[in-house]
Amino acid sequence: MIAPAESPLLVPLKMGTLTVAGRLFKSATSETRSSVDGFVTDELLDFYDPMTRAATPLIVTGNLYVSLQGKSANRQAGIDHDEKKSGLREWVDLAHRGGSRLIAQLNHGGRQIATSAVPGERPVSASERARTRTRHQAAAFAT
């Protein structure tokens, strides 16, 4: 049996400029625990709390939409407006308190979207998006 101090899971890992304290990661998922309009909630933070208390070295968030046209699920967290920054900051702070690094999984649902998150508009797929991209839409992915 390997002693905890000798475990390969506890060996730091460097990925480009990012170094994490070990090799146990929480992979990207789709949690659907935000508010209906994409704000971080206590429910979402409570989901991540055990991972951060366990000092999981790297946590990849669930899908975060960058524009409503790409929102793929009800109660999906968004990173599309400045008003959401305080909740997102709480999420980052929770991870950092536990010694975890947090990476955001940016998402556009594309053709997977069953109904539009924008009332009165139809879903926008990635191929349509490429044909009709506006400056605002392109900027949403860059910020």
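The values are calculated or read from the model by the stated rules, or taken from the named source; none is laboratory data. Bear in mind that the values here come from a model prediction, so they are computed numbers and not experimental data. Positions of Cβ are backbone-derived with ideal geometry, glycine not excepted, and every protein chain shown enters the neighbour counts.
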Next item on the list: State whether one or more residues within the stretch 95-107 are at pLDDT 90 or above and of a type in the set (D, E, K, R).
Entry: yes
Next item on the list: Check whether at least one residue in the stretch 8-25 is closer than 30 Å to ARG122 by Cα, surrounded by 12 or more Cβ atoms within 10 Å (Cβ to Cβ), of a type outside the set (Ser, Thr, Tyr) and in contact (Cβ under 8 Å) with a residue 12 or more places away in the chain, and report yes or no.
Entry: no
Check: Here are some conditions: (1) touching a Leu at 6+ places or on another chain (Cβ under 9 Å); (2) more than 22 Å from PHE25 (Cα to Cα). ASN63 meets all but one. Which one does it not meet?
Finding: (2)
Check: Here are some residues: ARG23, ARG33. Which one is part of a loop (DSSP other than H, G, I, E, B) and farther than 30 Å from LEU68 by Cβ?
Finding: ARG23
Check: Of the residues that sit in the stretch 62-94 and are at pLDDT below 95, of a type in the set (A, V, I, L, M) and touching an Asp or Glu at 6+ places or on another chain (Cβ under 8 Å), which one is surrounded by the most Cβ atoms within 10 Å (Cβ to Cβ)?
Finding: VAL66
Item checked: Selection status of THR115, part of a loop (DSSP other than H, G, I, E, B), among the β-branched types (Val, Ile, Thr) and either touching a strand residue (DSSP E or B) at 6+ places or on another chain (Cβ under 9 Å) or surrounded by 21 or more Cβ atoms within 10 Å (Cβ to Cβ) (or both) -> no
Next item on the list: Filter the stretch 1-16 for residues that are of a type in the set (Gly, Ala, Ser) and modelled with pLDDT of 90 or more and give the result.
Entry: GLY16
Item checked: Test result for THR19, modelled with pLDDT of 95 or more, of a type in the set (Ser, Thr, Tyr) and over 26 Å from ALA117 (Cβ atoms) -> no
Checklist line | Test: ILE59 is within 21 Å of GLN112 (Cα to Cα), among the β-branched types (Val, Ile, Thr), in contact (Cβ under 8 Å) with a residue 24 or more places away in the chain and surrounded by 14 or more Cβ atoms within 10 Å (Cβ to Cβ) | finding: no
